[in-house]
Amino acid sequence: MELRQLQYALQIAAEKNFSRAAEKLHIAQPSLSQQLSKLEKELGVLLFQRNTNSVELTHAGAAFMQKARSILDMVGQLTKEMEDISEMKKGKLIVGSLPITGSHVLPRVLPLFHSRYPGIEIHLIEDTTQVLEHLTAAGQTDISLLTLPLMDPNLTYDSLLEEEIVLAVPPQHPLAEAAHDGSDGTPGEVSIEVLREEPFIVLKRGQGFRQIALELCEAHGFEPRIVFESSNIETVQALVAAGMGISFVPHMIAMGHGNTFRPVYLPLKERPSRMLVAAHRKGRYMSKAAAAFMDVLREAMAEE
């Protein structure tokens, strides 16, 4: 049994199609079929049930794939440990990030990390909280920038930054007009409980900040009246600025917002916040490259 055969079998299981799997693996389909047949003959079991247009895992195949993933993950970790021995002259780091934070945090971190460790290649994955937690727990990212709470029990984390949450409202909204106290022009505080009748614009399901927004409202005795959802925080802010509703946004997003359609940002009386963390899988070896990235993250966040 060869490691490449494990990789081939896993790719077929993911694609459920020999042609697509061969294309992803950059090999000829007949070669892929030959390697799988050789593996099944060696194991003495059928891993896939072949159909006209697709393939399905057998019971033995499902058990094989679970072990194969673990084996390849251990091989990957061994490779990283060996890269450490080369004193970080080369290597690869997979970083997951929420788009809502990555666009503001990573420009501070990546140039500094690259200047110190030019031989370390960084591969960035941007996705929702739900997807990133799954990838990180499965060992498919080394570190992911997420916010608390983490739902997957297989994850642990290092706290990076506690960030205030503010309220975004349209410029013509009564709260925006009444917020200036008349003395120095600074916005006055808004209590969350007065927002119960307001239309809310929120992020779509699967994104951690959506849950934070819902829980802020629930903690004050009401369920937000959601009128629009988006997967992009910039779209949320533009819709607020256009008068469609209000929204909670992280402070760093408000500070860095450069869209032509700009809402008004107001502090909340309750001073709610979110905790930005660097998550990684419990018990998983952390390479020197990952540890160095963590150090650069902490350094950049300390300047916030």
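The values are calculated or read from the model by the stated rules, or taken from the named source; none is laboratory data. In this text, all values refer to a predicted model and were calculated from it rather than measured experimentally. Glycine also receives a Cβ, built like all others from the backbone with ideal geometry; neighbour counts cover every protein chain displayed.
Within region 194-225, how many residues turn out to be under 17 Å from residue 173 (Cα atoms) and among the hydrophobic types (A, V, I, L, M, F, W, C)?
Number of matching residues: 4.
So which of 229, 234, 197, 193 ends up being part of a loop (DSSP other than H, G, I, E, B) and either farther than 26 Å from residue 134 by Cα or outside the structural domain of residue 98 (by TED's automatic domain parsing) (or both)?
So the residue among 229, 234, 197, 193 that is part of a loop (DSSP other than H, G, I, E, B) and either farther than 26 Å from residue 134 by Cα or outside the structural domain of residue 98 (by TED's automatic domain parsing) (or both) is 197.
Restricting to region 110-129, what's the tally of residues that are among the hydrophobic types (A, V, I, L, M, F, W, C) and modelled with pLDDT under 90?
So the count comes out to 0.
Does region 125-141 include one or more residues that are touching a residue at least 24 places away in the same chain (Cβ under 8 Å), in contact with a helix residue (DSSP H, G or I) (Cβ under 6 Å, 6 or more places away or on another chain), assigned by TED's automatic domain parsing to the domain that holds residue 157 and farther than 30 Å from residue 213 by Cα?
no
So which pairs qualify, if the first residue must be in region 209-232 and within 12 Å of residue 192 (Cα to Cα) and at pLDDT 95 or above, the second must be assigned to a helix (DSSP H, G or I) and among the small types (Gly, Ala, Ser), the Cβ gap must be under 8 Å, and the two must be at least 6 apart or on different chains?
Hits for this filter: 224/213.
A quick yes/no check of all residues on (1) under 30 Å from residue 90 (Cβ atoms); (2) of a type in the set (Val, Ile, Thr); (3) touching a helix residue (DSSP H, G or I) at 6+ places or on another chain (Cβ under 6 Å):
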position: 241; (1), (2), (3): no, no, no
position: 251; (1), (2), (3): no, no, no
position: 263; (1), (2), (3): no, no, yes
position: 272; (1), (2), (3): no, no, yes
position: 277; (1), (2), (3): yes, yes, no
position: 282; (1), (2), (3): yes, no, no
position: 287; (1), (2), (3): yes, no, yes
position: 291; (1), (2), (3): yes, no, no
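If residue 12 satisfies every condition in (1) within 27 Å of the chain's Cα centre (by Cα); (2) over 20 Å from residue 63 (Cβ atoms) but one, which is the exception?
Just one mismatch for residue 12, condition (2).
Determine if region 200-216 includes at least one residue that is in contact with a helix residue (DSSP H, G or I) (Cβ under 8 Å, 6 or more places away or on another chain), within 30 Å of residue 86 (Cα to Cα) and part of a strand (DSSP E or B).
Within region 200-216 (the criterion being in contact with a helix residue (DSSP H, G or I) (Cβ under 8 Å, 6 or more places away or on another chain), within 30 Å of residue 86 (Cα to Cα) and part of a strand (DSSP E or B)), the answer is no, since none of the residues qualifies.
Yes/no per residue for (1) charged (D, E, K, R); (2) crowded, with 17+ Cβ neighbours inside 10 Å; (3) outside the structural domain of residue 117 (by TED's automatic domain parsing):
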| residue | (1), (2), (3) |
| --- | --- |
| 27 | no, no, yes |
| 33 | no, no, yes |
| 42 | yes, no, yes |
| 47 | no, yes, yes |
| 53 | no, no, yes |
| 64 | no, yes, yes |
| 75 | no, no, yes |
| 97 | no, yes, no |
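Quick one: which residue in 87, 83, 42 is touching a strand residue (DSSP E or B) at 6+ places or on another chain (Cβ under 9 Å) and either acidic (Asp, Glu) or free of Cβ contacts under 8 Å to residues at least 24 places away in the same chain (or both)?
83
If you check residue 276 against the conditions, is it crowded, with 17+ Cβ neighbours inside 10 Å, touching a residue at least 12 places away in the same chain (Cβ under 8 Å) and within 16 Å of residue 98 (Cβ to Cβ)?
yes
Which members of region 189-224 meet the condition of being within 15 Å of residue 239 (Cα to Cα) and loosely packed, with under 14 Cβ neighbours inside 10 Å?
Scanning region 189-224 gives a single hit, 204.
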